[in-house]
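Trainee: Have a look at this one before I ask anything.
What follows is calculated from the coordinates using simple rules that are stated; it is not laboratory data. The shown structure was predicted, so the numbers you read here are calculated from the model rather than taken from an experiment. Counting neighbours? That spans all protein chains shown, and the Cβs are built from the backbone with ideal geometry, glycine included.
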Amino acid sequence: MRELSTELITKTIKEMCIEANHVLSEDMKQTFSAAVREEQAPLGRQILQQLIENMDIAQTEQIPICQDTGMAVIFLEIGQDVHITGGSLRDAVNEGVRQGYQEGYLRKSVVADPIIRENTKDNTPAVIHYEITEGDQVSITVAPKGFGSENMSRVFMLKPADGIEGVKQAILTAVQDAGPNACPPMVVGVGIGGTFEKCAILAKKALVRKAGEHSEIPYVKELEEEMLEKINETGIGPAGLGGGITAFAVNINTYPTHIAGLPVAVNICCHVNRHVTRVL
Amino acid sequence: MERHISVPFGEETACSLKAGDYVYLTGTLYTARDAAHKRMQEALDKKEPLPLDLKGNVIYYMGPSPARKGKVIGSAGPTTASRMDKYTPALLDLGLRGMIGKGKRSKEVLDAAVRNKSIYFAAVGGAGALLSKCIRSAQVIAYEDLGTEAIRKLEVVDFPVIVAADTNGNNLYETAVSDYLNNRQK
Ligand code: SF4
């Protein structure tokens with residue numbers, strides 16, 4: 001059995017929190033450049049150019065891309081042949097977040113209790129999703145999530161009779177309601193199927209997909225393309241001030257569901273779609 | 001139209017701004033977001049003085065990331081303005097001249113802005129690194145215990161914003177999308 005120390009996990013997560021908040025992945029950068037070329041609205045184009053400039057400044061001067069450096073969402077895929085040594089895995093992850101947010105000059109945006117609302121001052125705890133997989137490796141994805149867009153996300157418990165048209169309507173409704181609040185251009189993560197909580201996690205995971213990649217299921221891929229077109233026809237545009245680039249991508253994940261239901265979750269992310277993955 | 005104005009500013013300047021104008025602000029801004037607004041409301045309820053004079057001033061809905069050594073501030077972009085809607089009309093009635101944030105406002109806020117000749121500016125969300133370059137100094141003036149949500153006094157130079165709602169009740173968030181769609185069809 002392969003051993004992996006919690007110390008290494010802490011160090012890795014610390015680095016990933018800092019990296020994710022300062023540098024967008026190459027695929028996102030290319031998406032931005034393509035968007036500037038495509039955008040017809042002059043103000044929209046100007047805003048997109050500001051956002052590109054913003055990314056350059058963030059990277060070269062080590063200033064977070066956005067001041068909302070998010071709540072740290074962490075996906076752990078843990079190979080069943082790995083033995084974690086050196087203490088609690090959960091504590092190691094949170095320690096990584098704590099160190100990353102402190103040493104990386106990231107904003108502490110987490111309150112300890114949703115009603116009492118006292119800031120924990122180190123951005124912990126993270127939201128951690130554990131999955132046991134095959135093999136002897138651990139895959140870590142750190143995806144800091146800003147709440148301007150998180151607040152505009154929705155779960156719809158549709159009826160089977162609503163079908164694919166109902167799904168399309170749900171996605172459009174969420175995007176229309178989000179409008180400027182979600183800092184468009186958005187990335188729209190959609191989960192269809194499963195249960196109430198499963199579809200939400202599917203939608204969240206859809207956000208960390210590489211730009212330009214599509215579902216392997218033919219009808220889902222078509223749905224992704226159709227919905228991106230429909231969303232861009234709304235005219236919401238960059239910053240919600242009019243234009244043709246309202247979303248960069250619609251990423252949809254599906255899962256088997258119950259005969260009586262059709263759960264749909266729409267997790268909206270802003271253009272600062274931060275995610276870093278490393279495999280240990 | 002592109003404009004350069006200094007803050008604080010008076011009624012006349014406010015009335016000369018039109019929804020859609022691209023404006024560079026130079027002068028003083030005060031930051032306040034959810035928790036600071038809540039405290040200001042509590043102060044007003046208890047008839048206590050506010051920690052800043054609102055007259056002619058502009059509040060920026062923003063909570064920065066921490067400053068690195070040698071820098072005045074970290075990333076510093078706008079947050080969603082509608083979360084402040086509940087508190088805003090009272091502040092406008094006390095003389096607040098402008099607000100900077102992102103997203104749509106409630107009818108109550110827009111009406112209060114027209115009534116008091118105040119402006120709602122939009123800054124580009126998610127451009128916090130870029131916007132931080134326009135901030136020359138930052139100083140916490142109240143509610144320090146709120147951390148990022150404390151009230152800060154900022155000195156800014158050519159801080160870029162767009163007039164989202166003007167004193168005549170024009171609202172760019174309502175018109176920009178339909179204007180784009182109409183022009184595109186031509
Ligand atoms: S929605 Fe995204 S870009 Fe907008 S303020 Fe929040 S984290 Fe930043």
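Trainee: To the nearest whole number, what is the average tally of beta carbon atoms from other chains within 10 Å of the beta carbons of peptide A:171-184? Let's see the in-between values first.
Mentor: Working: counts 0, 0, 0, 0, 0, 0, 0, 1, 4, 14, 10, 5, 9, 2.
Averaged over the peptide's residues, the number is 3.
Trainee: Does chain A come out rounded, prolate or oblate by the C-alpha gyration tensor, with a ≥ b ≥ c the root eigenvalues, rounded set by a/c under 1.5 and, if not, prolate when a/b is larger than b/c and oblate if not?
Mentor: Details: a/c = 1.76, a/b = 1.22, b/c = 1.44.
Judged from the Cα gyration tensor, chain A comes out oblate (a/c at least 1.5, b/c at or above a/b).
Trainee: Given Cα pairs under 8 Å that are at least 6 residues apart, what percent is the relative contact order of chain A? Intermediate values should be presented prior to the final figure.
Mentor: Numbers: 612 pairs, mean separation 71.9, N = 280.
So the answer I get is 26 percent.
Trainee: Taking neighbour counts of Cβ atoms within 10 Å as a proxy for exposure, in what order, fewest first, do B:26, A:254 appear? Don't skip to the end; give the middle numbers.
Mentor: Values: B:26 15, A:254 19.
Listed from fewest to most nearby Cβ atoms, that is B:26, A:254.
Trainee: Continuing with the same structure: Please compute the average number of Cβ atoms from other chains found within 10 Å of each residue's Cβ in peptide A:142-153.
Mentor: Values: counts 0, 0, 0, 0, 3, 3, 9, 3, 0, 3, 2, 0.
For this peptide, the per-residue mean of nearby foreign Cβ atoms is 2.
Trainee: In nanometres, what is the gap between the two model label sites at residue A:280 and residue A:128, each 7 Å from Cα along Cα-to-Cβ?
Mentor: For residue A:280 paired with residue A:128, the spin-label model returns 1.1 nm.
Trainee: Could you tell me the calculated FRET efficiency between residue A:3 and residue B:168, based on Cβ-Cβ distance and R0 = 56 angstrom, to the nearest 0.05? Walk me through the numbers on the way to the answer.
Mentor: Working: r = 69 Å, r/R0 = 1.24.
Approximately 0.20, to the nearest 0.05.
Trainee: What does the C-alpha gyration tensor say about the overall shape of the stretch A:126-207? Classify as rounded when a/c is under 1.5, otherwise prolate if a/b is larger than b/c, or oblate. List each step's numbers first, then the result.
Mentor: Numbers: a/c = 2.69, a/b = 1.33, b/c = 2.02.
It is oblate, given that a/c is not under 1.5 and a/b is not larger than b/c.
Trainee: Also: How would you classify the stretch B:11-136 from its alpha-carbon gyration tensor, with a ≥ b ≥ c the square roots of the eigenvalues: rounded for a/c under 1.5, else prolate if a/b is greater than b/c, otherwise oblate? Mind showing how you got there, number by number?
Mentor: Values: a/c = 1.70, a/b = 1.23, b/c = 1.38.
It is oblate, given that a/c is not under 1.5 and a/b is not larger than b/c.
Trainee: Take every DSSP beta bridge whose two residues both sit in the stretch A:185-280, then give the antiparallel share in percent to the nearest 5.
Mentor: 40 percent
Trainee: State the Cα centre-to-centre distance between the stretch B:70-118 and the stretch A:39-100 in whole Å.
Mentor: 28 Å
Trainee: Next question. Mind checking the dipole of the stretch A:136-226: about its Cα centre, +1 per Lys or Arg Cβ, -1 per Asp or Glu Cβ, Debye to the nearest 20? If you can, show how the numbers build up before the last one.
Mentor: Numbers: 10 positive and 12 negative charges, 55 e Å.
For the stretch A:136-226, the charge dipole is close to 260 debye.
Trainee: Also, quick follow-up: Mind checking the stretch B:6-57 for trypsin sites (Lys or Arg not before Pro) that DSSP puts in a loop (not H, G, I, E or B) and that have at most 12 other Cβ atoms within 10 Å? All intermediate terms of the calculation are to be shown ahead of the outcome.
Mentor: Working: sites: B:18, B:33, B:38, B:39, B:46, B:47, B:55; in loops: B:18, B:33, B:46, B:47.
Sites meeting the loop and neighbour criteria: B:46, B:47.
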